[in-house]
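Each reported figure results from applying straightforward, stated rules to the coordinates on display, with no laboratory input. Just so we're clear, the structure is a prediction, and the values are computed from it rather than from any experiment. Positions of Cβ are generated from backbone atoms using ideal geometry, with glycine treated the same way; all protein chains shown enter the neighbour counts.
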Amino acid sequence: MTVHHYIGSPYELPTGSFGIKEKLVTLSEVSSFNRNPKKEKLITIYEKEEDAYGISINYLTDGYSDIKHVFTLSYIYELSCDVHPKSMRELFTYIEEHLI
């Protein structure tokens, strides 16, 4: 079972990831195990576990546009948010900065 969360707004909101502190590095930077050095693979790393937590606000994809009839607001977004204290803080910060 999948749970989806949505945010509605009377005006357009910024989309993307908020609070996540990720870093893209090549595999060879973090491991000596690299089968093909000519094809450097980028991987995502985090300095601390907490850096991996945050929220993501995205436009509705075509498959989920049927949810719009539930809202009376003009702009509907999908929210991805882990059940982690840092994610919750990021969500409330986002709401304070963009919806209040």
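Structure notes:
- Applying the criteria of a DSSP loop state and at most 14 other Cβ atoms within 10 Å to the chymotrypsin sites (Phe, Trp or Tyr not before Pro) of the range 12-100 yields PHE33, TYR46, PHE71.
- Ordering TYR77, TYR53, ILE67 by the projection of their Cα atoms onto the charge dipole of the range 17-100, which places +1 on the Cβ of Lys and Arg and -1 on the Cβ of Asp and Glu, puts TYR53 at the extreme positive end.
- Amide proton proximity set for ILE20, modelled H, under 5 Å, gap of 5+: ILE55
- Cα centroid separation - the range 47-74 against the range 9-31, whole Å: 14
- Relative contact order (percent, whole number), the chain, Cα cutoff 8 Å, 6+ residue spacing: 37
- The charge dipole of the chain, taken about its Cα centre with unit charges on the Cβ of Lys, Arg, Asp and Glu (plus for the first two, minus for the last two), comes to roughly 460 debye.
- Per-selection Rg to Rh, the chain - Cα, Kirkwood hydrodynamic radius: 1.11
- Residues of the chain were split at every exposed loop site, defined as trypsin sites (Lys or Arg not before Pro) in a DSSP loop with at most 14 other C-beta atoms within 10 angstrom, and the longest piece left, sites excluded, is 49-100.
- Longest exposed-site-free window of the chain, the sites being GluC sites (Glu not before Pro) in a DSSP loop that have at most 14 other C-beta atoms within 10 Å: 48-100
- A simple count of charges around LYS21, restricted to other residues whose Cβ falls under 9 Å of its Cβ and scoring Lys, Arg +1 and Asp, Glu -1, yields -2.
- Over the chain: helical MRE at 222 nm, DSSP H runs n ≥ 4 each giving -39500 (n - 2.57), nearest 500: -5000 deg cm²/dmol
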